[in-house]
Each structure stands twice: as structure tokens, then as C-alpha cells.
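Notes for the one structure printed next.
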Amino acid sequence: MKIKPLADRVLVEPIEEQDVKKGGIVIPDTAKEKSQEAKVIAVGLGKLADDGKKIPMTVKKGDRVLMPKYGGTEIKLDDKKYQIVREDDILGVIE
């Protein structure tokens, strides 16, 4: 199944943190925080301005982005977790 986001929405795949930290400490699932990094999987065509012109997207497929901890819509496709968020909700692009 494939999903094509509409308008200014972006499909991202959260990048999970490692279970073991540098000091060898294992972090259990119950203590993990929600990941704030994600990989852009697909983007919509862009938002329409009030005058009817299309505002192009600033993120593109393959970008690593910084997300807020909460927000967007979580979905599951092919046993993987994804989120659909508005481009405005993305905090920044990680270079």
C-alpha cells in the first residue's frame, strides 16, 4: 500500500533511538521518549495561498527532520510506524 500526502502534508518515518547508550546502559521500552527525528518518505504538492497560487514545499523526500514530540497522525503500513504531519509542524531539517 502506498500513501501520497495531500496539500502541505508530509509522511515521515520516525528514527528510533538506540536501545543501548554509550555507557552500555540498556533503556527499556517503558522509559524511552518519543523520537523527535524522522525521515521524510513522501510530500504533498504544497499549500494553496489565498490568491490561489501554490506555495512549494520546503522539505523533500529523504530529508531528516526534527519533529515535535507530540502531534500529527500516527499510521501503520506494512508493519512500520509512520506519521502524517503538516509541513508547518516540522521544526527543522537536519543537515
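No value in this document is a laboratory result; all are computed from the given coordinates. Owing to the predicted nature of the structure, the values given are computational and were not obtained by experimental measurement. Glycine gets a Cβ as well: all are built from the backbone with ideal geometry, and neighbour counts include every protein chain shown.
Step by step: first the residues of the stretch 51-83, then only those that are under 14 Å from K39 (Cβ atoms) and β-branched (V, I, T), then the one that is surrounded by the fewest Cβ atoms within 10 Å (Cβ to Cβ). Which residue is that? For the stretch 51-83, the residue satisfying everything is V59. For beta carbons closer than 8 Å, sequence separation of 6+ or different chains, a first residue in the stretch 74-86 that is of a type in the set (S, T, Y) and a second that is part of a strand (DSSP E or B), the qualifying pairs are Y82/L11; Y82/V12; Y82/E13; Y82/P14; Y82/I41; Y82/E74; Y82/I75; Y82/K76.
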